[in-house]
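One structure below.
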Amino acid sequence: RAQMVRRGSRDRRHRGRRYDPRMPLHDHPNPSAPAVIMASGGQRRSFAELDRRSKNLAATLQARGIGRGGHVAVLLANQPEFFDVAWATQRSGLYLTPVNWHLAPAEAGYIIEDSGAQALITSVEFGPLMTELAESLTNVEVKLVAGGELEGFDPFEDAVADTGLPAVDPELEGAWMFYSSGTTGRPKGIEPPLTLEPFGTGPRLEMLLRGLYGFTEDTVYLSPAPLYHAAPLGWSTTTQRIGGSVVVMERFDPLQALRLIEEHRITHVQFVPTHFVRMLKLTDEERNRYDLSSLQTVVHAAAPCPPEVKKQMLDWFGPKIYEYYAGSEGTGFCAIGPDEWLAHVGSVGRAIVGVVHALDEDGNDVPTGETGQLWFETDVHFEYHNDPTKTAAAFNARGMSTIGDIGHVDEEGYVYLSDRVGNMIISGGVNIYPREIEDVLIMHPSVDDVAVIGVPDAEMGESVKAFVQPAPGAEPGEELAAELIAYARQNLSSFKCPRSVGFVEQLPRLPTGKLLKRNLVLDQTGS
């Protein structure tokens with residue numbers, strides 16, 4: 001029922017003492033080495049340039065009255081300026097909130113307002129969005145724009161120039177304040193406490209990347225997802241903190257990803273399951289076109305990976321694929337390697353940070369192997385910004401925290417996810433987990449993507465409905481719907497199979513692979 005922390009004593013020792021701080025950018029042995037390389041545009045930012053520009057931006061923000069503990073929002077595409085902003089806040093004791101530019105104006109505006117952002121950095125390409133957000137920016141004191149002119153915004157390049165402003169002194173570690181992706185409700189700001197340790201103090205993520213995945217100063221890390229999400233930004237900046245280089249894709253393309261691995265001799269990469277699915281749909285000729293031998297470690301997370309998809313990726317890439325399970329809240333971390341996974345197919349690993357429990361609705365541990373809500377026993381604390389009710393709901397009376405997942409823990413401590421609490425379908429009094437159905441349907445050759453939800457049913461309370469994004473060349477309609485339902489019946493118990501199938505051009509999935517099921521529910525209710 002509970003898997004104790006592996007390497008936990010070491011981790012607690014680190015948290016109980018101060019590191020010898022070092023300057024992650026300034027102390028690089030080769031200041032002219034690339035800290036970031038853009039995949040398509042070819043733009044580069046050396047460690048020396050990133051150090052200088054972020055230091056100047058930190059001084060500018062300080063001069064404009066944004067001091068220790070202040071909040072900065074960034075709404076940028078994947079571009080080098082994102083790292084200028086990230087390191088400026090991380091070296092000056094500020095909170096940084098990345099804003100997802102795919103959001104509707106009302107959602108983006110809510111995050112900017114709710115975060116209490118005193119500064120906003122964006123680019124000229126989002127000028128029309130900034131016009132729509134005007135009312136949400138009334139309390140933003142500093143507005144900077146990259147790549148051109150925008151009314152009401154000051155030039156970003158002026159803020160990163162050598163202006164002679166007093167440097168931030170002392171330089172202290174800042175923190176990310178990410179907003180949850182809001183897959184089943186409104187996004188929540190995840191606010192960790194500021195440590196105010198000296199800049200260069202090694203965070204927990206640095207230890208994980210070094211110890212679990214072999215990151216070093218020679219690492220070349222490919223980041224294929226939007227930087228406004230926690231893992232892409234956190235892993236990219238931690239790679240730079242260690243001294244490695246980051247290759248950033250402006251947007252994911254499966255064939256380009258393979259080409260970049262060969263071209264830049266990528267050693268480490270983090271994908272999400274939808275990336276795997278898209279790569280597996282390449283032809284054999286396309287898959288074999290590039291040399292992938294430089295790859296040492298492939299990591300995946302963010303969303304559940306269908307076991308058959310992972311098996312096919314292991315057959316292709318070899319035993320280099322590692323998985324982890326964690327949340328932006330940072331209260332727990334499970335991990336599993338390729339050989340472990342083959343021996344425990346479907347598991348997301350054992351806890352290496354925290355102690356994981358499966359609990360029933362009354363907060364009691366369920367018997368080993370039985371399904372319950374997953375909770376982490378940990379000494380890490382966080383708050384949901386401006387929402388004490390949600391903060392309280394994330395912790396139970398035993399001090400454990402949850403991110404809302406359902407699963408079980410086997411006798412060896414391996415964790416298996418079933419689904420999200422909010423996704424569960426109750427049909428005729430029986431609990432049905434959509435993920436199990438999605439894992440089956442995604443393997444059908446006519447399915448490019450799939451989501452399963454419960455819809456109102458007068459007799460059963462809810463019935464199972466599958467929303468399918470057809471593969472290229474597949475013809476949506478009654479014939480394909482019947483074929484998919486029959487396919488499900490061949491692989492699942494009948495009560496789990498879809499009663500109906502709807503077809504969509506594009507599912508509302510984030511680039512990280514997370515599915516906005518709330519949008520499908522709203523479409524069904526007409527709200």
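The values are calculated or read from the model by the stated rules, or taken from the named source; none is laboratory data. Worth saying up front: this structure is predicted, and the values here are computed from it rather than measured. In this analysis, Cβ positions are derived from the backbone assuming ideal geometry, glycine residues included, and neighbour counts consider all displayed protein chains. What goes into the accessible areas is simple: the full protein's heavy atoms, side chains included, and nothing from ligands, DNA or RNA. Shrake-Rupley method; radii C 1.70, N 1.55, O 1.52, S 1.80 Å.
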Q) Taking the Cα centre of each part, how many Å lie between region 109-180 and region 337-403? A) 36 Å
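Can you say what percent of the DSSP beta bridges in region 228-353, counting only those with both residues inside, are antiparallel? Round to 5. Numbers along the way, then the final one.
Numbers: 7 of 14 bridges.
Among the beta bridges of region 228-353, antiparallel pairing accounts for roughly 50 percent.
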Q: Add +1 for every Lys or Arg and -1 for every Asp or Glu among the other residues with Cβ under 13 Å from the Cβ of PRO105, and state the total.
A: -4
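First select every other residue whose beta carbon is under 11 angstrom from the beta carbon of THR391; then total the charges, Lys and Arg +1, Asp and Glu -1. Please list the in-between numbers first.
Details: positive: LYS188, LYS390; negative: GLU191, GLU329, GLU383, ASP387.
So the surrounding residues net to -2.
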Q: Can you spot the lysines whose alpha carbon is less than 29 Å from LYS55's alpha carbon? Ignore those fewer than 8 places along the same chain.
A: LYS143
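Looking at the chain, what % of its DSSP beta bridges pair antiparallel, to the nearest 5? Walk me through the numbers on the way to the answer.
Values: 46 of 84 bridges.
Just about 55 percent of them are antiparallel.
Averaged per residue, what accessible surface does region 20-82 expose to a 1.4 Å probe, in Å²? Could the numbers behind the result be given before it?
On the way: 2480 Å² over 63 residues.
Accessible area per residue, region 20-82: 39 Å².
Carbon-plus-sulfur fraction of the accessible area of region 238-329, 1.4 Å probe, in percent?
Details: 1460 of 3310 Å².
Ligands and nucleic acids excluded, carbon and sulfur give 44 percent.
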**Q.** region 24-90 versus region 413-481: alpha-carbon centroid distance in Å
**A.** 43 Å
**Q.** Over region 432-527, equivalent-ellipsoid semi-axes from the Cα gyration tensor in Å
**A.** 18, 18, 13
Q) Near LYS517, which lysines are there with a Cα under 16 Å away, not counting those fewer than 8 places off in the same chain? A) LYS465
Q) Relative contact order of the chain: what whole-number percent is it, with Cα pairs under 8 angstrom and at least 6 residues apart? A) 13 percent
Q: Report the label-to-label distance for VAL455 and ASP218 in nanometres (one decimal), using points 7 Å from each Cα along the Cα→Cβ vector.
A: 5.6 nm
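Quick one, can you get me the convex hull of the C-alpha atoms of the chain expressed as volume per residue in Å³? Kindly include the intermediate steps, with their values, before the conclusion.
Working: hull volume 82.1 nm³, N = 527.
About 156 Å³ per residue, rounded to a whole number.
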Q) To the nearest 10 degrees, how steeply does helix 47-63 sit against the main Cα axis of the chain, on a 0 to 90 scale? A) 80 degrees
Q | Average accessible area per residue (Å²) across region 426-520 - probe 1.4 Å, nucleic acids and ligands excluded | A | 47 Å²
Q.
Just want to confirm a number: the relative contact order over region 110-256, from Cα pairs under 8 angstrom separated by 6+ residues, in percent.
A. 15 percent
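To the nearest 0.05, how large is the calculated FRET efficiency for GLN256 and ALA33 if R₀ is 35 Å and r is the Cβ-Cβ distance? Walk me through the numbers before you get to the answer.
Values: r = 23 Å, r/R0 = 0.67.
The value I calculate is 0.90.
Where Lys and Arg each count +1 and Asp and Glu each count -1, what net charge lies around THR239 among other residues with Cβ under 14 Å from its Cβ?
Details: positive: ARG45, ARG210, ARG241; negative: GLU206, GLU217, ASP218.
That sum, taken over residues with Cβ under 14 Å, equals 0.
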Q. By a straight-distance test (C-alpha under 17 Å), which lysines pair with LYS281 as possible cross-link partners, with residues fewer than eight away in the same chain excluded?
A. LYS310, LYS311
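Over region 139-298, with the other protein chains present, what is the accessible area per residue in square angstrom, probe 1.4 angstrom? Show your work: numbers first, answer last.
Numbers: 6220 Å² over 160 residues.
Value for region 139-298: 39 Å² per residue.
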**Q.** Whole-percent carbon and sulfur share, accessible surface of region 116-216, 1.4 Å
**A.** 51 percent
Q) So what are the radius of gyration and Dmax for the Cα set of region 306-399, in Å? A) 16.0, 47
Q: Round to the nearest 0.05 the FRET efficiency obtained for GLU478 and PHE317 when R0 = 35 Å and r is the Cβ-Cβ distance.
A: 0.35
Q) Which whole-number percent gives the relative contact order of region 334-438, counting Cα pairs below 8 Å spaced six or more residues apart? A) 24 percent
Q | Orientation-averaged projected area, Cα convex hull of region 22-121 (nm²) | A | 6.9 nm²
